[in-house]
Amino acid sequence: MAIHAQDTDRLPADDEKALQCGILGAAISNAHGIQTGDVLTMTRRFYDGPQCVGRAEEREGTVLSEAVFKRIMFDIERQRFLILSRTISEWTELDKVTETADVRTVRTLDSRRIEDLTGSKFYWQSGSNSLSTVTGDLCFGLTSFEDPRSIGIWRTGFSLPDVEEFLSHYMNGSMLIDAVNTDEEVRLRFGVDKTGSDDTRQVIEMHLHAHSSLPARMLSYTESRNGGRSSEDKASFQWDTTGSLALPVSTESSYVSQFFNPDRSPNVGLLSQQVDVHWFSVNEPVPENMLDKDILLMDTGKFEELVDPEKSGAVTLLKALKAKE
């Protein structure tokens with residue numbers, strides 16, 4: 001069904017609901033087609049904004065850069081995830097008296113864990129020769145927050161069920177503002193009136209590839225009735241569509257982070273993030289021992305072989321790093 005902005009006022013109610021329910025359907029169905037996998041993700045974050053409340057008053061304007069490498073092996077049927085992570089952080093604070101940058105230390109933090117969602121258990125390495133276990137309600141839903149299948153659908157840090165639940169809830173309470181088809185993409189805008197306000201609404205704008213219906217770009221913002229925008233979040237996605245399943249390989253996002261000082265004055269910063277993904281395997285059996293908790297006791301050399309892009313042969317990540325040089 002071809003939809004154009006001037007036609008949306010005349011969409012039958014049933015067609016509008018079908019459009020809402022079908023949004024991102026191709027991407028979600030594609031994600032559910034991935035049942036096992038072995039990936040290395042590289043997340044690079046850059047935060048430019050105010051420092052955390054409570055620091056010395058003479059310093060402000062913290063700039064933080066962070067690179068996180070995660071080797072993730074997963075089996076959805078067995079509901080098990082192996083997550084090996086290396087985080088490299090560097091932060092700089094601006095001294096407002098001298099207006100010079102004070103570079104802080106670079107910190108590297110490694111972590112290892114197994115998520116067994118069948119028994120709501122987390123296993124992680126707590127020392128060179130020991131494992132720790134937590135059992136309880138730390139696993140929310142049937143899919144890990146580290147699930148790489150959701151990377152191409154929404155911002156990272158959300159499990160696939162989380163994304164589906166949010167979209168279902170949002171679409172049920174939203175109205176279609178307009179929809180436009182071109183040869184390259186489909187643009188859809190949905191809005192929800194903000195609670196307690198007659199003048200503003202929260203808008204999600206989705207741009208989908210016309211032929212595959214996979215996400216290309218997303219925007220979320222507050223819009224006033226006169227068309228003004230504020231608090232805009234952005235995300236863009238790239239896919240590898242050469243195989244039978246589309247695989248997310250890169251996403252870039254930025255969003256405004258805001259908190260309030262003790263005097264209630266706002267502090268606003270911008271967080272930019274890029275996630276690149278190298279898929280070693282898709283829908284191939286994950287070695288049994290790689291999802292067993294004892295694998296967490298691997299030596300440092302083996303750990304580095306798995307999380308380091310060069311040592312692991314993660315070509316996609318090496319290309320992304322070279323492009324940024």
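The values are calculated or read from the model by the stated rules, or taken from the named source; none is laboratory data. A quick note: this is a predicted structure, and the numbers were derived from the prediction, not measured. All Cβ positions, glycine included, derive from the backbone under ideal geometry; neighbour counts span all protein chains shown.
I need the full set of residues from the range 234-272 which are modelled with pLDDT of 85 or more, farther than 17 Å from Arg44 by Cα and part of a strand (DSSP E or B), in order please. Break it down into steps so the answer makes sense when it comes.
Taking the range 234-272 first, the residues modelled with pLDDT of 85 or more are 234-254, 272.
Still in the running and farther than 17 Å from Arg44 by Cα: 239-247.
Within the range 234-272, Trp239, Asp240, Leu247 qualify.
Among the residues of the range 315-322, is there at least one that is in a loop (DSSP other than H, G, I, E, B), of a type in the set (Lys, Arg) and exposed (fewer than 11 other Cβ atoms within 10 Å of the Cβ)? Within the range 315-322 (the criterion being in a loop (DSSP other than H, G, I, E, B), of a type in the set (Lys, Arg) and exposed (fewer than 11 other Cβ atoms within 10 Å of the Cβ)), the answer is no, since none of the residues qualifies. Taken together, Val53, Val68, Val134 contain a single residue that is of a type in the set (A, V, I, L, M, F, W, C), part of a strand (DSSP E or B) and at pLDDT below 85, which is Val134.
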